[in-house]
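The values are calculated or read from the model by the stated rules, or taken from the named source; none is laboratory data. Since the structure is predicted, the reported quantities are computational estimates derived from the model, not experimental observations. Cβ placement follows ideal geometry from the backbone for every residue including glycine, while neighbour counts extend to all protein chains displayed.
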Amino acid sequence: MTFQPFSAPDYLPRPILAEMQLSRLRTIVSRAWERVPLFRSRLEERGLAPQHIDSLAAISRLPFTVKTDLRDTYPFGLFASPMEEIVRLHASSGTTGKPIVVAYTQEDVDVWTSVMVRSFAVCGLHKGDIIQNAYGYGLFTGGLGAHYGGEGLGATVIPISGGNTDRQIMVMKDFGVTAICCTPSYFLHLVERAAQLDVDLRELPLRAGVFGAEPWTSSMRKRIESLAGITAFDIYGLSEIIGPGVAIECPCQDGLHIFEDHFYPEIVHPETGEVLPDGEEGELVLTTLSKFAMPMIRYRTRDITALIPGQCACGRSLRRMRRIGRRSDDMLIIRGVNVFPSQVEAALLEVEGTLPHYQIILTRAHGLDQMEVQVEVTPETFSDKIGALEALNESIADALEHVLGLHVQVTLVEPHTIQRSEGKAKRVIDRRSQS
Amino acid sequence: MKLHQLSVFSENKPGHVIAPCRLLAREGVDIRALSLADTQRFGILRLIVSDWQRAKSLLEQAGSVVKVTEVLAVEVPDRPGGLAEVLEAFEGTAINIEYMYAFPFVRGEKAVLIFRFDQPDAAIARLQEKGISVLDSGALED
């Protein structure tokens, strides 16, 4: 594989990278201080000013930014650029209706494109590759992020977006697609559908998949790779930081390289916020080092991982994080869709008037996430007529599908059969890693 | 005339129907009639018992959801066409039968069926008009 100049930052000697990071950190902290009132007031409360950031280690003195900060300042409260300089807005789903809005200047879009270009290059893609981009296009960052990255690389991008599996398979076959981007669960679905249509993906030119937007297990990766005859790469990102392209797996498949020249990672204890050393598991905290429109300083991702000590066999100097296995908050990612238990509660409330005891059970069947909601029958909802109970079952399922945009299996269960716990209710049983 | 039927929600799993029956047996409540309506996923256990108020509170204390419904116990001639005669009484009326089940109780030549009507009072009037006898709870005692 020929070395591409845009990949040079992947191999920077660590001292030079650290110098670059510090210089960018100071610029971004000053920018946020000058332009984001929430950030400034938090610094002032702590008696801090930008000049106190005199080393990379000093970042731990800065306050965290959390998801609710974005919601509380909805829609534009954390922007550091005037609208005339903002060229793009994206939004991600929130718990209760209002999404989280993120903004990009042209420079930000260029940085995003550059990290996506580098991501694809790390996966061994190049000019001449035909990339089928099956991430959803729209407010979700996945679609456009991968699109610009693929074009920036000089590859051919097919902006097919998500859904319509039969057409995806036809395009993959007829257009000679060599790489695909989508959620891993959707790809597994695609693989299974292809088998039904007598299309053997192993015989197609397809050789790489860049999969992200939801956690997936190693066993799922093995399955994908053997069924489709491809290498499956894990890509990581989140809208609040930039979108996909924060970190990417290399062919060693031993952790994801973080593009540290743009995103500064820390691992903190999820409860105390204390910074943990490399190798220890905790919550990933990211600081955007070069984002103009919406600098994120010490953003709590809620993703649990660890930074892997030592250099990767691939030779890149960028540090790696372990693949994300779980999140510290209650957001569920089901087939790439963000689902919060609070949305399930809202739907149940709407149908039943009061909130019954319920539990969400997640499993994986045929490669796709399956969501079951068990709902205890209450004296109010119970009827001696089968038809009435079936209608209840159906209206709950409809309300859930309406709110979540996902098909949900609803099961009515006897009262007191869902385990009660002390303190915070255990609303979710996730068995996806067992299948 | 009307009987109080208890309905208990039950998941369609092994052992789920026996629990309420066992409880009532232990507490000396007689089950006079029983029917199980079920789908693949859940079932409804319907009971006519000797003391419905006590049975209801026992079942509720044990954590069940219990619904009380008024049903009618109707005498049906125990011969071919006997049931048809009863059903014909409602042809052309606005009264609907929600469901029915047999009562393991025979009075002479008559079988007894439990009917759940959407309008129990109208149903009683209609049955009496047709000369079909509706039993009251006392008649069901041994």
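Going by the structure shown, is B:Val74 surrounded by fewer than 18 Cβ atoms within 10 Å (Cβ to Cβ) and under 15 Å from the mean Cα position of the chain (by Cα)?
no
Does region A:137-152 hold any residues that are under 19 Å from A:Phe187 (Cα atoms) and in contact (Cβ under 8 Å) with a residue 40 or more places away in the chain, and which are they?
Within region A:137-152, A:Phe140, A:Thr141, A:Gly142, A:Leu144, A:Gly145, A:Ala146 qualify.
Between B:Pro104, B:Pro80, which is exposed (fewer than 13 other Cβ atoms within 10 Å of the Cβ), out of contact with any Pro (no Cβ under 7 Å at 6 or more places or on another chain) and not in a loop (DSSP other than H, G, I, E, B)?
Result of the check over B:Pro104, B:Pro80: B:Pro104.
Do we have any residue at all in region B:116-130 that's within 14 Å of chain A (Cβ to nearest Cβ), on the phi < 0 side of the Ramachandran plot and modelled with pLDDT under 90?
no
If you check A:Thr378, A:Thr417, A:Thr411, which single one turns out to be within 12 Å of another protein chain (Cβ to nearest Cβ), at negative phi, touching a Pro at 6+ places or on another chain (Cβ under 7 Å) and of a type outside the set (A, V, I, L, M)?
Just a single option satisfies the conditions, and that option is A:Thr378.
Report the residue count in region A:201-221 for those that are outside any loop (DSSP other than H, G, I, E, B) and closer than 23 Å to A:Leu307 by Cα.
Of the residues in that region, 6 qualify.
What's the number of the condition A:Glu372 fails, among (1) more than 30 Å from A:Arg221 (Cβ to Cβ); (2) within 14 Å of chain B (Cβ to nearest Cβ); (3) under 26 Å from the mean Cα position of the chain (by Cα)?
(1)
Give me the residue from region A:344-357 that is surrounded by fewer than 21 Cβ atoms within 10 Å (Cβ to Cβ) and in contact with a helix residue (DSSP H, G or I) (Cβ under 7 Å, 6 or more places away or on another chain) and, out of that set, farthest from the other protein chains (Cβ to nearest Cβ).
A:Ala346
Answer yes or no: is there a residue in region A:130-152 that is within 27 Å of A:Tyr11 (Cβ to Cβ) and part of a loop (DSSP other than H, G, I, E, B).
No: zero hits.
If you take the residues in region B:33-72 that are of a type in the set (Gly, Ala, Ser) and part of a strand (DSSP E or B), which one is nearest to the other protein chains (Cβ to nearest Cβ)?
Restricting to residues being of a type in the set (Gly, Ala, Ser) and part of a strand (DSSP E or B), the top hit is B:Ala37.
Restricted to region A:7-26, and to residues that are over 13 Å from A:Phe263 (Cα atoms) and touching a residue at least 60 places away in the same chain (Cβ under 8 Å), which residue is surrounded by the most Cβ atoms within 10 Å (Cβ to Cβ)?
A:Leu12
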